[in-house]
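Comments concern the structure below.
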Amino acid sequence: MPQIEISVPESALGPTRRAEKYHPLKIILLQGNLLAERVDAIVNPANESLLGGGGLDGMIHGFAGPELLKECETLNGCETGNAKITKGYRLPASHVIHAVGPIYPDRPTDRYSEYFTEYLKASPTRRQEIEQLFQKDVEKARELLLSVHKNILRVAQENGLKRISIPAISTGIFGYPTEDASKVAHQAVFEYLRDYGEGSLEEIRFVLYETEKYNLYEKAFSS
């Protein structure tokens, strides 16, 4: 399976406290199965309930066993853009960081959009207004995706984790375009490192199952 290490210059790591032991941080992109990762934590692309759902979220709950759901029931959910941590139970990973990414907004021309019926009947001026509202929703989703990646790193550091594995958050059933999501992930990681340093982290792994997603993430992180 393809794998690449992304160069992380020391200048990108931001402030370093004198009392901290320096860790040579690695950022790894690989095509593989997140569920098989033997790391300190894998990241679950969860919904706000944290009680399991479709796609990878449901698979993680299934492989971890019922104990994961029981612990998640004590967390009182999680708002979009934030993250919470549990044990990994029957997974190879020691912990699971549950990260709630945004749902990408439907385009006005999409039949599932809240604007669809109005857009079809709207005047050119009103259509332009609706398209502007859509762009605002896109920007809000982008900010939430940026936030959730930063909160993943924050939670990992707060719990002293060294190696974490992250999937392509929000690009599955939440519909976020992978090319855009990969650029947001890259921005979030390097902004966080610049502002807070690497802390306990020694390896940040982005694990992409599909070849297309791996290629897009490799392009974003190599630019």
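The values are calculated or read from the model by the stated rules, or taken from the named source; none is laboratory data. Because the structure is a prediction, the values reported are computed rather than measured. Cβ coordinates were reconstructed from backbone atoms using ideal geometry, including for glycine residues, and neighbour counts include every protein chain displayed.
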- Quick one: would you say residue 42 is aliphatic (A, V, I, L, M), assigned to a strand (DSSP E or B), at pLDDT 95 or above and on the phi < 0 side of the Ramachandran plot? yes
- For the range 133-154, pairs from a residue that is touching a residue at least 60 places away in the same chain (Cβ under 8 Å) to a residue that is surrounded by fewer than 17 Cβ atoms within 10 Å (Cβ to Cβ) and not basic (Lys, Arg), with Cβ under 9 Å and 6 or more apart or across chains, are 154/196
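Considering only the range 85-109, how many residues are charged (D, E, K, R) and either buried (at least 20 other Cβ atoms within 10 Å of the Cβ) or more than 22 Å from residue 175 (Cα to Cα) (or both)?
Just the residues of the range 85-109 that are charged (D, E, K, R), to begin with: 87, 90, 106-107.
If we keep only those that are either buried (at least 20 other Cβ atoms within 10 Å of the Cβ) or more than 22 Å from residue 175 (Cα to Cα) (or both) as well, we get 87, 90.
Within the range 85-109, residues that are charged (D, E, K, R) and either buried (at least 20 other Cβ atoms within 10 Å of the Cβ) or more than 22 Å from residue 175 (Cα to Cα) (or both) number 2.
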- Sort out which residues of the range 40-67 are closer than 11 Å to residue 88 by Cα and crowded, with 21+ Cβ neighbours inside 10 Å, and write them in order of number. 40, 41, 42, 43, 44, 60, 61, 64
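Residue-wise test of (1) over 13 Å from the mean Cα position of the chain (by Cα); (2) farther than 22 Å from residue 100 by Cβ; (3) crowded, with 17+ Cβ neighbours inside 10 Å.
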| residue | (1), (2), (3) |
| --- | --- |
| 119 | yes, yes, yes |
| 129 | yes, yes, no |
| 135 | yes, yes, no |
| 160 | yes, yes, no |
| 168 | no, no, yes |
| 173 | yes, no, no |
| 181 | no, no, yes |
| 194 | yes, yes, no |
- For the range 89-109 the number of residues that are touching a Phe, Trp or Tyr at 6+ places or on another chain (Cβ under 9 Å) and part of a strand (DSSP E or B) is 1
- Among the numbered conditions (1) touching a Ser or Thr at 6+ places or on another chain (Cβ under 6 Å); (2) assigned to a strand (DSSP E or B); (3) without any contact (Cβ under 8 Å) to a residue 40 or more places away in the chain, tell me where residue 86 comes up short. (1)
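Working only within the range 184-223, note down all residues that are of a type in the set (Asp, Glu) and part of a helix (DSSP H, G or I). Steps first, please.
Narrowing the range 184-223 to residues of a type in the set (Asp, Glu): 191, 195, 198, 202-203, 210, 212, 218.
The answer is 191, 195, 212, 218.
Output the residues belonging to the range 194-223 that are under 20 Å from residue 39 (Cα atoms) and either in contact with a Ser or Thr (Cβ under 6 Å, 6 or more places away or on another chain) or not polar (S, T, N, Q) (or both). Spell out the reasoning first.
Let us first name the residues in the range 194-223 that are under 20 Å from residue 39 (Cα atoms), namely 198-209, 214.
Within the range 194-223, 198, 199, 201, 202, 203, 204, 205, 206, 207, 208, 209, 214 meet the criteria.
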- Does residue 202 fit the bill of being surrounded by fewer than 19 Cβ atoms within 10 Å (Cβ to Cβ), of a type outside the set (S, T, N, Q) and more than 29 Å from residue 113 (Cα to Cα)? yes
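Being of a type in the set (S, T, N, Q) and over 25 Å from residue 142 (Cβ atoms) is the filter here, so list the residues in the range 41-91 that pass it. Step through it out loud before you land on a result.
If we filter the range 41-91 for residues that are of a type in the set (S, T, N, Q), which is where we start, we get 44, 47, 49, 74, 76, 80, 82, 86.
If the condition is that a residue be of a type in the set (S, T, N, Q) and over 25 Å from residue 142 (Cβ atoms), then 74, 76, 86 are the ones that fit.
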- Task: Pairs only if they're at least six apart or on different chains, beta carbon under 6 angstrom, first in the range 99-123 and at negative phi, second small (Gly, Ala, Ser) and modelled with pLDDT under 90; list them, first residue then second.
- Result: 106/113
